[in-house]
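Nothing in this text is a laboratory measurement; each read-out follows from the coordinates by a stated rule. This one's a predicted model, so the numbers in the text were calculated from it and none came from an experiment. Neighbour counts run over all protein chains shown; Cβ positions are idealised from the backbone, glycine included.
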Amino acid sequence: RILILDYGSQYTQLIARRVREAGVYCEILPWDVDPAMISNFNARGVILSGGPESVTASNAPTLPQAVLAADVPVLGICYGMQLLAQSLGGTVEGGHTQEFGYAEIRARGHTALLRDIEDRVNDEGHGLLDVWMSHGDRVTALPDGFKLMASTADVPIAGMADAERNIYGVQFHPEVTHTAQGQRILGRFLHDICGCGSAWTPGNIIHDATARVREQVGQDKVLLALSGGVDSSVVAALLHKAIGDQLVCVFVDNGLLRLNEGDQVMKTFADHLGVNVIRVNAQERFMAALAGESDPEAKRKIIGRLFIEVFDEEAAKLSDVKWLAQGTIYPDVIESAGASTGKAHVIKSHHNVGGLPEQMKLKLVEPLRELFKDEVRRLGLELGLPRESVFRHPFPGPGLAVRMLGEVDPQAADTLRVADDIFISELRAAGLYDQVSQAFAVWLPVKSVGVTGDGRRYAPVIALRAVETIDFMTARWAHLPYEFLDKVSRRIVNEIEGVSRVVYDVSGKPPATIEWE
Ligand code: XMP
């Protein structure tokens, strides 16, 4: 396994994903973690990430002794390379103009890292690579024992190597896809230089995870709040494979789900996979609790609280449950741990079961804790979950309650469900579903006038929202084809009596959020 030391680059998680794609297990630790954790990690190799700081600054993040003491191959990327250069006796200078974007480097094939890796060859027979650069500082003198490995017209030292000690540095970012040969370069480091195999595959991950869960829980029963979302679905399938009927899932239908969603979840898990699922039909309880409330945050709180109540009641009916399973994934763990605070144990708040484990004296099982979302999806497919549920858009815990502006109304919910279903099924039919990151309909409590064949209609408005985003922190509205929007709009107004018109949301995030509430 490989250790990635994080110096704060926006690309650190990407490095980890690329390493995993190469079939090698890795973990990210903050650079200032307790050095004992670095030594005890027993890495086959260490990657130092990039970072926003300058190594020339007085309080800049440093290279822990434990890294070189481990005597395994090291690859420094960007800040990581500068740090290696400075720590080993080279020099780094700041104050150069920021270089950002594509660069063409001349690769020196004398080192194991770049040998025979090139995009093309120039007239003099030198290998050239298109790479992605993003840096201000640069290495101006190599440390003793290092050879020049790559250079660009502007950056004379864009890569360095000490083949003897297996220490490498690259100023460019092999982890981003703009660096065409990036995955090959990382693969070279992982497989040839560090000697790692490619055993990190969905089949092996499932094999190891099921063995671990069996050992962890023994004959005990495990409870899971199944929402139908990707993470909890994969946990359900994985635990079912590991412990069969010892897994009990509780699926709460709060009346705020999408069209036929409850039946779909039961079909997939209970009928198709044979998972033990208890369906709780709590629609009326949720509607009653939400009656008269129009504030978005208050609605969220009511739903969260009631969910715990309902889930708790179901759990109390079951005897000898000792564990609670959760779909926590690796980005949740990294993000909540943050740099330098170590690994905090997180409970995913939107699972709405925070507080439950302590209250019910349950121990946690989190079989996806080490996995990235794309790995979770691959596992889901391998475990036999349908493609639609594995690649489905995210759906908020409070469900349609935050897509019906103002007071929640059961009739409006029915209207919204049908409109949403028309939009989503048309997206699927047009092959557009996978091209947008999230899409849904919103019910607006505003009446507008319309004309239909036989008269006047005075009814609410449906807004359509579709966004493209990587991280859901920023998003651009999806530029869906006019003909497509036209078709969806016609269908909604024609097929649903309670809708007078359809509008399309053309706001980005920021300033607008993805949801309307
Ligand atoms: P916003 O609206 O904040 O949404 O731009 C970003 C992402 O978060 C989802 N979202 C929620 N998910 N509980 C959830 O589980 C919530 O209360 C909630 N609010 C927003 C939203 O669907 C989008 O994917």
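Observations
- The stretch 280-302-the stretch 100-177 distance, computed between alpha-carbon centres (Å): 58 Å
- Residues Trp31, Trp200 arranged by fewest to most Cβ contacts within 10 Å: Trp200, Trp31
- Chymotrypsin sites (Phe, Trp or Tyr not before Pro) restricted to the stretch 434-517 and DSSP loop, no more than 16 other C-beta within 10 Å: Phe472
- The calculated P(r) of the stretch 409-504, using every Cα pair and 5 Å bins from 0, goes 3, 13, 25, 22, 17, 12, 6, 2, 1, 0 in percent.
- Helix 410-429 vs. the chain, principal-axis angle (Cα, 0 to 90°, nearest 10): 50 degrees
- For the chain, fraction of C-alpha pairs farther apart than 30 Å, in %: 57 percent
- Short-range pairs are left out: with C-alpha atoms under 8 Å and at least six residues apart, the relative contact order of the stretch 2-193 is 21 percent.
- Counting Lys and Arg as +1 and Asp and Glu as -1 over every other residue whose Cβ lies under 15 Å from the Cβ of Asn122, the net charge comes to -3.
- Environment charge at Gln219 (Cβ cut-off 12 Å; Lys +1, Arg +1, Asp -1, Glu -1): -1
- Calculated on alpha-carbon atoms, Rg and Dmax of the stretch 2-193 in Å: 15.2, 50
- Qualifying GluC sites (Glu not before Pro) for the stretch 28-135 [loop in DSSP, other Cβ within 10 Å: at most 11]: Glu124
- Rounded to the nearest 10 degrees, the angle from helix 12-21 to the longest Cα principal axis of the chain is 90 degrees.
- For the stretch 202-390: relative contact order, % (alpha-carbon pairs under 8 angstrom, 6 or more apart): 28 percent
- Along its principal axes, the stretch 73-140 has C-alpha extents of 33, 29, 17 angstrom, given from the largest down.
- Cβ-defined net charge surrounding Arg417, 12 Å radius [Lys, Arg +1; Asp, Glu -1]: -2
- Extension gain from Lys487 to Asp34, taking 0.36 nm per residue of separation minus the Cα-Cα distance: 157.2 nm
- Antiparallel bridges, percent of DSSP beta bridges restricted to the chain (to nearest 5): 50 percent
- Working from the Cα coordinates of the stretch 202-390, the gyration tensor eigenvalues give, after taking √(5λ), semi-axes of 26, 20, 17 Å in decreasing order.
- Every helix of 4 or more DSSP H residues in the chain counts as -39500 (n - 2.57), and over all residues that averages to -9000 deg cm²/dmol at 222 nm.
- Extension gain, Asp119 to Thr56, is 19.4 nm, computed as 0.36 nm per intervening residue step minus the present C-alpha separation.
- Placing unit charges on each Cβ (+1 for Lys and Arg, -1 for Asp and Glu) gives the chain a dipole about its Cα centre, and among Thr140, Leu75, Phe311 the Cα reaching farthest toward its positive end belongs to Phe311.
- Between the stretch 1-79 and the stretch 452-517, the Cα center-to-center distance that results, in Å: 45 Å
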